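Heads up: the structure comes next, in structure tokens.
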Amino acid sequence: MLNSLDLAKKPGDTRVVVAMSGGIDSSVAAALMKQAGYDVVGITLQLYDHGAATHRTGACCAGRDIQDARNVAAHLGIPHYVLDYESRFREEVIDRFVDSYAAGETPIPCVDCNRTVKFRDLLRFAEDLGADCLVTGHYVESRLMPDGHRALFRPRDLDRDQSYFLYATTQRQLDWLRFPLAALTKPETREIARSMGIAIADKPDSQDICFVPSGNYAALVEKLRPEATLPGLIRHVDGRELGRHDGIIRYTIGQRRGLGIAARDPLYVVRIDAATREVVVGPREALAVRSLELRDVNWLGDMPLDRLPANGVEVFARVRSTRQPKPAIVRWNRDALVVELLDGEEGVAPGQACVLYAEGEGQSRVLGGGTIGRRRAPGQAVPEEAKVALGAA
């Protein structure tokens, strides 16, 4: 007989480590585990604590959130530990974020944080504690499959879906992870917190990246990589020089306002070239993208990538966390995953994630994904080396 976590143990004999950020979601996850009779241990990661004057304390960071996690653990009567992971967080998340921005990309630090510090390093610590699984408050579902491994699915509440940020979870990590909020909406989570007497039931959600409290990413990059603020040209897609800029880090793909140039018709940032320090702008239709190449691919599908059929596999692709998955064809091209967006997309930025899903029976399974690299607009010539992979030969 398996318990509610799909483990062949009695709840009281099952040790569960819960990653507690000090927010309402992870607090309710811990409370549900305690209520179900599991042996629960709470862990909070101190990731970034350089003073309240330099940042707002976001999830898993420092200050008020750590104290809130301690208070909830005390209320639930469970052990609680705080782990200082600042140096790891700086190397694995902040430095990568800054380097990516300096290269003209638009990175997602939460993906790196989840797949490294939170799920890799914290999982090792959980193993050292003799834990049987690691629980978080993410809104996503982990389901036991017939082969004994677990698969990742979108949750019941698609407005809270966090699968986009968890696509890089490895199979080993996924087999360890459990997400007890998968079937809940946020209002239901808050109501559970109130019914259990959790004091932070009405605590607001974190909105910003925890180490960039003001949302001014350029200021952080300028401080750590000042060379990324060198000036350069703003050029139209037709080759015309329209003006100059004070650093590519102040621009993102799809940006319309604040370009610093005068134009009769609306212009958008369509490309950023770090090598030449050029910001390329054009009309909205120039934002359209048909094909992507992904790097740093994490694949969770049942069929290995190198065994995908030559004509590709039908999937649904999601190129922004705020967008819904759309029909696509995915093909494996030696060392890159090629994604053909059947309806095209606008404002697709290198450095963002493209997450792939399989739809069926009202459910949406995460197949994996990768970091967006090269893009091709509709009608743009296909490089020779990619023709076979794209079926264009």
Restricting segment 324-356 to residues that are modelled with pLDDT of 90 or more and of a type in the set (Lys, Arg), the one surrounded by the fewest Cβ atoms within 10 Å (Cβ to Cβ) turns out to be Lys326
Here the residues within segment 113-144 that are among the acidic types (Asp, Glu) and modelled with pLDDT of 90 or more are Glu127, Asp128, Asp132, Glu141
The correct count of residues that are within 18 Å of Glu340 (Cα to Cα), exposed (fewer than 14 other Cβ atoms within 10 Å of the Cβ), in contact (Cβ under 8 Å) with a residue 24 or more places away in the chain and over 24 Å from the mean Cα position of the chain (by Cα) in segment 268-320 is 3
Picking from Leu83, Leu129, Leu144, Leu76, the residue that is touching a helix residue (DSSP H, G or I) at 6+ places or on another chain (Cβ under 7 Å), surrounded by fewer than 20 Cβ atoms within 10 Å (Cβ to Cβ) and at negative phi would be Leu83
Taking segment 284-305 and keeping residues part of a loop (DSSP other than H, G, I, E, B) and either hydroxyl-bearing (Ser, Thr, Tyr) or at pLDDT below 95 (or both) leaves Gly301, Asp302, Met303, Pro304
Here the residues within segment 1-33 that are surrounded by 21 or more Cβ atoms within 10 Å (Cβ to Cβ) and among the charged types (D, E, K, R) are Asp25
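The values are calculated or read from the model by the stated rules, or taken from the named source; none is laboratory data. Remember, it's a predicted structure, so these values are computed and weren't measured experimentally. Don't worry about glycine lacking a Cβ; one is built from the backbone with ideal geometry, like all the others, and counts go over all protein chains shown.
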